[in-house]
Structure formats: C-alpha cells, structure tokens
Amino acid sequence: MSVHYGQHCAVARASELLGETWTLLVVRELLRGAQRVEDIARGLPRISRSLLATRLRTLVAAGIAERMACAERASPRYRLTEAGQELRPVVEALRSWGRRWLPEPRLRDLDPALLVADICRVADTADLPGPVSVRVDFADARPRERWWLALATGGSSARDTPPAEPASVRVVCTLGALARVWLGHGPLLEAVRDRSILITGELDHVRTVVAVLARGGDTARPGPPDIATVAS
C-alpha cells in the first residue's frame, strides 16, 4: 500500500487498502463474476496488465481475494473471499451515491465500445427466452458507429462488424442518451419520447431489449415501461 495515514481509525486503514487507484474497481469486477485476468481487464480497459497484477496480489495478501487452483499454464483465476464479498454493499452504496450526487459523465468521457461492452457484461439476461441479436446505431458518432450485440443467458457479446444473420432488434440512439439510461441518470421512456432512442424490431425481442435497457446495470431498478409506449 502506497498510502499510509498513520491513524488507527478503521476508515483510514480501509482507505489505505481500497483507496489506491483501480483497487475498488478490481473488486467491482470480481463482484460481477469475473475470474480470469482477461475478464477483469475487459471491464478495466485502461489499466495496464502489470498494475492489474499488482492490485490482485495486494487483494490476495489482504485476504480480500484468493487465487484459485488451476491447471499448469492455464490463465490464473481469482475470486473474492468472505471479506471481499462483504464489500458488495459498499460498492452498491458508492454506485447509488454517485448516481444521486455526481454530475452525469461528459460526452467526451463516453466511449461507444466501452458502453456496449458494459451492457453485454452487466445486463440481466437470466430470464431471456432465447438469444436476442441487437444492432445499435450511434447516430451522433463521427464517423457513425454501429455495433451488434448478441444477448444470451450463457453470456453476451458485442462486435463492430455485422454477423451473418440480420439483427432482430435495431436501436438508433445518441451516445449520451444510451449512456444516460444505462447509468441510471434518466428513464428509458423519456429518451424514447424525445426520440433520442428509437427501438424497432420483432416485438418479443424488442420487449427483451426494453427490459434490459430499462434496468440498466442495476437489477434493483423498477421494471420496464409499457412496451406499447416504447416500441415503434
């Protein structure tokens, strides 16, 4: 730990460990179920692999995470210990506090690739009746960006090249509008009404996409709005 406050207070001592750059975000990814270094790094694309390895070693040494046994030459896997799992309400409280009190992210801080990747990693797909393919057009990106999402119960993915089969749902939106809905700064219905997000396609699949986007990265949010008011 590079920071030492020299205080016996538990808040100060915990901050010495968790307040280092990237540490709490590594915990966030582990809470989301990432285990392999590659999976953790996918949620933290700007962290170097060497720094990620350092943070993981620190968490293991502190008893917050543990390295799982794996076959020789296999990618190492990590998971949270009981102490690490008890950080879940801490991370959730920070998320709620940030949504309530921090200003919305600036447009220049948003990245379409990171946004669709986050949707694929975090979206609640437990109740999907089957795979759903989604084309997302960011109308305000220059050059215009298109992404294709494959939502599935076993794991979702995103790509910037079209798949062999056409998507069953198309979302045309501005980057700011989709980020605002996904991050919990505004309701999906409001974005649909002002036409900053348009959703079209097969009705059952549109219903699924509406549910995923309306909940965003927080499954504790209220359910989706009436499908008739969203689908066009």
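Throughout, read-outs are computed from the coordinates displayed, never taken from laboratory work. As the structure is a prediction and not an experimental result, all values here were calculated from the model. Glycine also receives a Cβ, built like all others from the backbone with ideal geometry; neighbour counts cover every protein chain displayed.
Starting from the Cα gyration tensor of the stretch 1-151, multiply each eigenvalue by 5, take the square root, and state the resulting semi-axes largest first in whole Å. Please list the in-between numbers first.
Values: eigenvalues 185, 89, 48 Å².
Largest first, the stretch 1-151 gives 30, 21, 16 Å.
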*Where labels lie 7 Å past Cα in the beta-carbon direction, separation of residue 102 and residue 172 in nm*: 3.3
_Cβ-derived FRET efficiency at R0 35 Å, residue 15 paired with residue 111, nearest 0.05_ = 0.75
*Just from its helices, what would the mean residue ellipticity at 222 nm be for the chain, if runs of 4 or more DSSP H residues each count -39500 (n - 2.57) and the sum is divided by every residue, rounded to the nearest 500 deg cm²/dmol?*
-11500 deg cm²/dmol
*asked:* Let me make sure I get this right: for the stretch 107-229, a, b and c are the square roots of the gyration tensor eigenvalues over alpha carbons, sorted descending. Under 1.5 in a/c it's rounded, otherwise prolate if a/b > b/c, else oblate. Which is it?
replied: rounded
*Two-site label geometry, residue 86 and residue 150: point separation in nm, points 7 Å out along Cα→Cβ*: 4.2
*Which FRET efficiency value, to the nearest 0.05, do you get for residue 185 and residue 126 by plugging their Cβ-Cβ distance into 1/(1 + (r/R0)^6) with R0 = 25 Å?*
0.55
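Tell me, what is the percent relative contact order of the stretch 1-46, built from C-alpha pairs under 8 Å that lie six or more residues apart?
Working: 22 pairs, mean separation 12.2, N = 46.
Dividing the mean separation by the residue count of the stretch 1-46 yields 27 percent.
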*Want the number for residue 75 to residue 53: 0.36 nm per residue separation, take away the alpha-carbon distance, what's left?*
6.7 nm
*asked:* Give me, ordered by chain and number, the residues 5 or more places off residue 79 or on other chains with an amide H under 5 Å from its own placed amide H.
replied: 66, 68
*Pop out the ³J(HN,Hα) list for the stretch 148-162 in order, Karplus 6.51 cos²θ - 1.76 cosθ + 1.60 with θ = phi - 60°, rounded to Hz; leave Gly and Pro as x.*
10, 10, 10, 8, 8, 4, x, x, 10, 8, 9, 8, 9, 10, x
*Note down the nm distance, to one decimal, between modelled labels 7 Å out along Cα→Cβ at residue 8 and at residue 161.*
6.3
*For the chain, return all DSSP H helices satisfying: extent of Cα atoms along own axis at least 30 Å; mean Kyte-Doolittle hydropathy at least -1.0.*
none
